[in-house]
1. Taking only C-alpha pairs under 8 Å that are 6+ residues apart, what is the relative contact order of the stretch 322-494 in percent?
2. For 412, 439, give me the order by solvent-accessible area with a 1.4 Å probe, most accessible first, ignoring ligands, DNA and RNA.
3. Over the stretch 322-494, give the accessible area per residue in Å² for a 1.4 Å probe, as an integer.
4. Let me have the relative contact order for the chain, percent, based on Cα pairs under 8 Å that are six or more residues apart.
5. Under a plain spin-label model, where a point goes 7 Å from the Cα along Cα-to-Cβ, how far apart in nm are residue 168 and residue 450?
6. Filter the cross-link list 3/89; 43/326; 46/265 down to pairs whose alpha-carbon distance in this structure exceeds 25 Å.
7. Could you derive backbone 3J(HN,Hα) for the stretch 378-393 from the dihedral phi with the Karplus parameters 6.51, -1.76 and 1.60 (θ = phi - 60°), listing whole Hz in sequence and x where the residue is Gly or Pro?
8. Using a 1.4 angstrom probe and counting only protein chains, how large is the accessible area of residue 182 in Å², to 10?
Amino acid sequence: MGKTAIIWFRKGLRLHDNPALLAAARDADHLCPIFILDPWFLKPDKISVNRVQFLLESLADLDASFRARGSRLLVLRGKPQEVLPRVFKDWGVTHLCFESDTEPYAKQRDAAVRELAEAAGVEVHSPVSHTLHDPQLLLARNGGRPPLTMQSFTKLVDAVGAPPAPAADPPEKLPPLAPKAETEAAAAAVPSLADIGYPPAGTTPFKGGETAALARMADYLSDKDWVCAFEKPKGNPAAFVRPATTVLSPYLKFGCLSPRLFHAKLQQIYTEKNGKHTQPPVSLRGQLLWREFFTLCGASIPNFDRMEGNAVCKQIPWVDDPERIKAWEESRTGYPWIDAIMAQLRQQGWMHHLARHSVACFLTRGDLWCSWEAGQAVFDKYLIDADWSLNAANWQWLSASTFFSQYFRVYSPISFGKQYDKDGAYIRHFLPVLKDFPSKYIFEPWTAPLSVQQQAGCIIGKDYPRPIVDHATVSKENMARMKAAYDAAKAAAAAGGSAGGGGGEGGKPAKRARKK
Ligand SMILES: Cc1cc2nc3c(=O)[nH]c(=O)nc-3n(C[C@H](O)[C@H](O)[C@H](O)COP(=O)(O)OP(=O)(O)OC[C@H]3O[C@@H](n4cnc5c(N)ncnc54)[C@H](O)[C@@H]3O)c2cc1C
């Protein structure tokens, strides 16, 4: 019997550096590229139209690349555990290849699919290409536990050595679809948003797909001096025409861009510049290491997306306040810097890292004292780069629950943004209700005299809300609450219990706060 292989796309929506695709295509008589629209993911109340649009654009781009190689992408619908056994049989499949995935849902799904494949006599191949290194290999090299500081993580990757080089590009011509798959092709085109129950169009300016990813990377990397001087957290969170960072995150999330290719390109530039460049954790390569570090944490720490049962997370008595959470989500806190960032999130599905810091600190330990899990869910809904591990890790960081412990360092919702957006151009753009406010008052519009409000056509308390809390007062109260939670965690640890904050590195608390 000849080889009929499926390349099953989930993330990894690209042709370049795709070891699963190469394995599927190698010596195959028939190659069936598929994507399965899993109802588990497609929930309009949970996942915004912007991210689904980005996904569909990525699939259309992938389809075009396959067509250029004499093939095409088939988009099937249903639960993978039901769709795959059917096509194994109908198409006479002998091999199934897909990129390995470490998220909890994916792990369960893939384990079930492996069993079904085995039962059907289908050979499975699942290489790692979503991260620089194989997370299992990193874990094994670290004694089975993830490092809990960026410093120890960097040491670990340095010890492991360079990541694998990007895989070769696929051949110009790929094997044809299996004849039975061909008969389903007409019904398996990339659907429109409306076809799958979404509004007809999103509002994000970022277009999905491998083609856009490679063009974007080439654009940002063309300025080699910028690459070598890159230093995060420096950079302007209010720059929205040309963002201060690469906006490669949605492409990395969906795998339209290979992290190994990005890494290799960076190394090439660093070499050309004779090693004169910034270093991790602040350099551009350092950003890829944050991604790698947090993916490893997500892959190996049970219950990483919640406080309960998460051994590394401080147990903090957050208050469940749906009204506050809704006000934050819908840009109704009365703090223009916060509300503009949340408007950018809903409109574009992306914001600068420091903007994310501002709103995450505000929702949790800074001002509203709501759980980071609630913020994580809102980000998960709207971000086009929403990533299970990265989202959970960064929310834990910002709420000073894990990784970071300087809870007394709080972002002011007034003065922090002012450093970058002196005249309020960012605020005016994302909160047009305030567009005619004088710069003097735009970060604190409630302090403007009524006559100024009237002239700006925006009355505070009527057209735009008053501040939801008084930052100066609540931020102090919240610091005291944080101190109490930290003291309780310490006492519990001394008594031998696990109140979070340890666990990963021989039970030691994560004490170092690094620049990120
Ligand atoms: C509360 C909060 C939630 C976040 N949720 C997500 C998320 O769901 N998905 C996501 O991709 N990023 C998340 N981040 C991390 C970070 O803000 C974004 O990765 C970054 O802003 C994306 O923009 P960029 O591609 O221009 O980044 P660049 O600075 O150009 O960095 C290049 C790449 O490095 C990676 N990276 C950079 N910073 C981080 C970081 N802190 N943690 C992990 N990886 C990083 C990303 O893949 C990014 O694309 C979150 C940050 C915060 C504070």
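1. 26
2. Working: 412 25, 439 45 Å².
Accessible-area ranking of 412, 439, largest first: 439, 412.
3. Values: 6520 Å² over 173 residues.
Here the residues of the stretch 322-494 average 38 Å² of exposed surface.
4. Normalised by residue count, the contact order of the chain is 17 percent.
5. The two pseudo-label positions are separated by 7.8 nm.
6. From 3/89; 43/326; 46/265, over 25 Å: 46/265.
7. With coefficients 6.51, -1.76 and 1.60, one gets 5, 4, 4, 6, 9, 5, 7, 9, 3, 10, 3, 6, 5, 5, 4, 5 Hz.
8. 100
The values are calculated or read from the model by the stated rules, or taken from the named source; none is laboratory data. Just so it is clear, the structure is predicted and the values come from calculations on it, not from any experiment. Here Cβ is always computed from backbone atoms with ideal geometry, including for glycine, and neighbour counts include all displayed protein chains. SASA here: full protein model, heavy atoms, side chains in, ligands and nucleic acids out. Shrake-Rupley method; radii C 1.70, N 1.55, O 1.52, S 1.80 Å.
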